[in-house]
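Have a look at the structure below before the remarks.
Bear in mind that the values in this text are calculations on the coordinates, not laboratory data. These numbers were taken from a predicted model, which means no experiment stands behind them. Methodologically, a virtual Cβ is constructed for each residue, glycine included, from the backbone with ideal geometry; neighbour enumeration extends over all protein chains shown.
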Amino acid sequence: MNDTFKELKARIRRLDEVLAERGGADLTFAQAVSRVHRLVRRSDRSREPTPELRTLLERAEDLGRKVA
């Protein structure tokens, strides 16, 4: 796993924490986090994250800020 992917995984863990705190009250946010997780599972961790993954992560973070 490269360093960039490690940084993305840390950001995803923060999203998971926000989701756990809110108990999944915001369905849109929960779905965005789920999409990020699915894409990470399919991604090649030895390469740079795809633009699609970055975009989905940023959208989920934006939704997380609105929820928090």
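Results, tabulated for the structure shown:
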| item | result |
| --- | --- |
| For the chain, built as a Gaussian network whose Cα springs stay under 10 Å, the top-fluctuating residue of ARG14, ARG47, ARG35 | ARG47 |
| Relative contact order [Cα under 8 Å, 6+ residues apart], the chain, whole percent | 47 percent |
| Dipole moment magnitude, nearest 20 debye, the chain about Cα centre, only Lys, Arg, Asp, Glu C-beta charged | 180 debye |
| For the chain, radius of gyration divided by Kirkwood radius, i.e. Rg to Rh on alpha-carbons | 0.97 |
| Where labels lie 7 Å past Cα in the beta-carbon direction, separation of LYS6 and ARG65 in nm | 2.6 nm |
